[in-house]
Amino acid sequence: MNIFDIMGPVMVGPSSSHTAGAARIGLTARRLLGSQPVKADILLHGSFAATGAGHGTDRAIVAGLLGMRPDDAALPRALRIAEQEGMAVTIRAGQMRDAHPNTALLTLTDGGGRTLSVSASSLGGGRIRVNAIDGMEASFSGEYPTLIIRNEDRPGILSEITRVLYEHNANIATVQLYRDRRGGLAVTVIECDAPLPERPRAELAALDGVVRCTYLDMGED
Amino acid sequence: MSFVSVSALLAAAEREPLWQAVLDDDCRDRGVERSESLERMEALWRAMVRSAKEYDAARRSASGLSGGQGAKMAAAQSIGGPFLRDVIATALMVGEQNACMGRIVAAPTAGASGVMPAVLLPLRERDGLADETMVQCLYVAAGFGQIIAARASISGAEGGCQAEIGAASAMAAAALVHARGGTPQAMAAACAMALQNVMGLVCDPVAGLVEEPCVKRNVMGAVNALACADMALAGVASAIGCDEVIDAAAAVGRLMPASLRETGEGGLAATATARRIAESLGGERPGPAEG
Ligand code: SF4
């Protein structure tokens with residue numbers, strides 16, 4: 001924890017976990033989708049479902065999907081704004097197995113009909129963790145510029161990915177690997193120390209065996 | 001982060017002002033220049049000023065439990081005079097601003113966001129203090145807060161309200177001593193006494209919402225901070241050192257049953273009236289909600 005985890009963040013109340021963290025979950029999901037969703041199905045689990053309405057959790061998640069940060073004064077009006085902007089939102093409470101008490105599952109559709117599901121938890125103090133993307137386990141906070149690479153599970157692919165990053169002088173903070181079964185699809189999550197330019201991202205996406213390369217940078221736009 | 005104890009912070013404060021030791025530690029910790037850290041803290045100070053200024057007396061929270069009380073206090077008189085009236089009113093206003101989905105600065109949490117502005121804004125107003133001094137106060141508060149977070153907790157779900165309002169009050173007490181030109185030792189004494197005074201305070205939000213008693217506890221945190229800063233500046237000592245007080249608060253937090261740690265099941269939340277309120281809010285079932 002640094003001093004700005006103690007002093008700050010600037011946020012719309014009332015709860016750092018149920019409001020600020022929820023907004024960050026929405027914004028992270030939007031960045032992962034790459035554009036504003038036209039349809040958003042939001043499932044709230046645990047305490048998010050139990051006290052979410054009184055803490056504006058629903059509005060906060062939608063605000064994030066609309067591109068608002070947790071300190072955006074328009075956050076309380078997010079449901080109305082979503083309606084005006086033609087975002088079809090459904091919100092329901094449900095149970096998720098083995099999930100952190102403050103967890104949401106977002107199923108998003110973009111203008112081109114592509115869907116993406118993101119499961120994320122609010123950990124307190126406005127900090128969050130993404131738990132899964134499209135049902136595949138992954139674990140990252142979005143506090144660092146992050147690459148989420150869906151790739152074939154075959155020998156050597158990780159070294160090809162890291163070679164591209166090395167050639168572009170990108171310093172890796174953490175690497176995690178997830179897969180559903182041997183030889184199937186894997187998810188490689190790489191957190192970098194500094195924002196990653198366009199070039200290496202394009203090279204990664206073009207690598208043989210890489211199905212999709214998503215880049216997440218929650219820094220200023 | 002290098003300060004895991006108040007004694008280490010006090011040792012660093014022998015070489016440079018305490019607030020600056022916290023600033024330099026932040027620069028080392030995050031690998032940033034002084035200017036970058038200072039800009040960020042200045043922005044928080046401006047946001048804190050704004051959190052009181054943006055108060056709208058007509059605004060109500062979604063539950064209907066909060067709103068309008070700060071304005072009542074601002075228009076009234078205090079037994080302690082205009083300054084104390086302003087402290088109480090500001091704590092209520094920012095606390096309500098938070099409950100009503102207004103913009104606040106979590107310090108250290110959203111539920112306790114009224115404590116720091118409640119003591120700093122009226123003091124700046126009355127004594128004409130420079131913004132620079134107020135930013136230094138925030139570094140002092142953050143420095144002590146960081147140690148409380150590391151040795152104990154700043155989450156009501158973990159340590160009860162002593163971890164939220166209590167931590168805010170202890171941070172504010174140290175900051176006030178700085179604002180009045182006190183020594184680092186007096187800051188530590190103020191922090192220790194403020195935390196002693198709220199030892200064991202439970203977290204029991206009605207209907208699980210950060211509203212009742214949270215808004216009013218901001219007032220208690222602010223007034224306690226003032227009194228402890230005054231005592232420390234007068235040379236009143238804390239018999240138990242600040243690190244030991246923090247460790248005791250951590251131990252008390254661990255002993256607290258879950259029903260008194262933000263689950264909305266104990267304390268005020270368990271009263272018949274609170275249960276009726278929770279029921280009338282329909283879907284709102286008591287449940288943990290971190291301020
Ligand atoms: S939610 Fe709990 S810890 Fe936070 S201010 Fe309210 S009573 Fe205190």
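From the list B:170, B:150, B:141, B:163, which residue is within 14 Å of chain A (Cβ to nearest Cβ) and near the ligand (Cβ under 9 Å from one of its atoms)?
Values: B:170 fails: near the ligand (Cβ under 9 Å from one of its atoms); B:150 fails: near the ligand (Cβ under 9 Å from one of its atoms); B:141 fails: near the ligand (Cβ under 9 Å from one of its atoms).
So the residue among B:170, B:150, B:141, B:163 that is within 14 Å of chain A (Cβ to nearest Cβ) and near the ligand (Cβ under 9 Å from one of its atoms) is B:163.
Inside the stretch A:101-116, can you point out the residues that are outside any loop (DSSP other than H, G, I, E, B), open to solvent by 50 Å² or more (accessible area, probe 1.4 Å) and touching a helix residue (DSSP H, G or I) at 6+ places or on another chain (Cβ under 8 Å)?
The answer is none; no residue qualifies.
Has the stretch B:113-123 got at least one residue that is facing another protein chain (nearest Cβ under 10 Å) and either touching a strand residue (DSSP E or B) at 6+ places or on another chain (Cβ under 9 Å) or open to solvent by 10 Å² or more (accessible area, probe 1.4 Å) (or both)?
Of the residues in the stretch B:113-123, the ones facing another protein chain (nearest Cβ under 10 Å) are B:113, B:116.
Within this subset, residues satisfying the condition of being either touching a strand residue (DSSP E or B) at 6+ places or on another chain (Cβ under 9 Å) or open to solvent by 10 Å² or more (accessible area, probe 1.4 Å) (or both) are B:113, B:116.
Checking the stretch B:113-123: at least one residue is facing another protein chain (nearest Cβ under 10 Å) and either touching a strand residue (DSSP E or B) at 6+ places or on another chain (Cβ under 9 Å) or open to solvent by 10 Å² or more (accessible area, probe 1.4 Å) (or both).
Out of the residues in the stretch A:117-128 meeting the condition of being at pLDDT below 95 and open to solvent by 20 Å² or more (accessible area, probe 1.4 Å), tell me which one is nearest to the other protein chains (Cβ to nearest Cβ).
A:125
Do you know which of the residues in the stretch A:1-30 that are open to solvent by 20 Å² or more (accessible area, probe 1.4 Å) and modelled with pLDDT of 95 or more is nearest to the other protein chains (Cβ to nearest Cβ)? Reasoning before the result, please.
Taking the stretch A:1-30 and keeping what is open to solvent by 20 Å² or more (accessible area, probe 1.4 Å), we get A:1-2, A:5, A:9-10, A:24, A:30.
Then drop every residue that is not modelled with pLDDT of 95 or more, which leaves A:10, A:24, A:30.
Working: A:10: 4, A:24: 13, A:30: 20 Å.
Checked the stretch A:1-30; the qualifying residue nearest to the other protein chains (Cβ to nearest Cβ) is A:10.
Tally up the residues in the stretch B:182-215 that are surrounded by fewer than 24 Cβ atoms within 10 Å (Cβ to Cβ) and over 21 Å from residue B:239 (Cα atoms), please.
Matching residues across the stretch B:182-215 total 3.
Just checking, how many residues over the stretch A:31-43 are more than 10 Å from residue A:116 (Cβ to Cβ) and open to solvent by less than 10 Å² (accessible area, probe 1.4 Å)? Please lay out each step first, then the result.
So the first thing to find is which residues in the stretch A:31-43 are more than 10 Å from residue A:116 (Cβ to Cβ), and the list is A:31, A:35-36, A:38-43.
Keeping just the survivors that are open to solvent by less than 10 Å² (accessible area, probe 1.4 Å) gives A:40, A:42.
Total meeting the criteria: 2.
Looking at this structure, is residue A:78 away from chain B (no Cβ under 14 Å), of a type in the set (A, V, I, L, M, F, W, C) and buried (at least 17 other Cβ atoms within 10 Å of the Cβ)? Please lay out each step first, then the result.
Details: away from chain B (no Cβ under 14 Å): no; of a type in the set (A, V, I, L, M, F, W, C): yes; buried (at least 17 other Cβ atoms within 10 Å of the Cβ): yes.
No: the conditions fail for residue A:78.
Give the stretch B:245-284 a look and list any residue that's open to solvent by 40 Å² or more (accessible area, probe 1.4 Å), within 14 Å of another protein chain (Cβ to nearest Cβ), more than 12 Å from residue B:206 (Cβ to Cβ) and within 16 Å of the ligand (Cβ to nearest atom), or say none.
Result: B:258, B:261.
Could you look through the stretch A:55-75, keep only residues that are open to solvent by 10 Å² or more (accessible area, probe 1.4 Å) and within 9 Å of chain B (Cβ to nearest Cβ), and pick out the one that is farthest from the chain's Cα centre (by Cα)?
Looking at the filtered set, the residue picked out is A:73.
How about the stretch B:216-244: which of its residues are closer than 25 Å to residue A:16 by Cβ and open to solvent by less than 10 Å² (accessible area, probe 1.4 Å)?
Looking only at the stretch B:216-244, we keep the residues that are closer than 25 Å to residue A:16 by Cβ, and these are B:216-225.
Once the filter is applied, which keeps residues that are closer than 25 Å to residue A:16 by Cβ and open to solvent by less than 10 Å² (accessible area, probe 1.4 Å), the stretch B:216-244 yields B:218, B:221, B:222, B:225.
The values are calculated or read from the model by the stated rules, or taken from the named source; none is laboratory data. These figures come from a predicted structure and were not determined experimentally. Counting neighbours? That spans all protein chains shown, and the Cβs are built from the backbone with ideal geometry, glycine included. All accessible areas refer to the heavy atoms of the entire protein, side chains included, with ligands and DNA or RNA removed. Shrake-Rupley method; radii C 1.70, N 1.55, O 1.52, S 1.80 Å.
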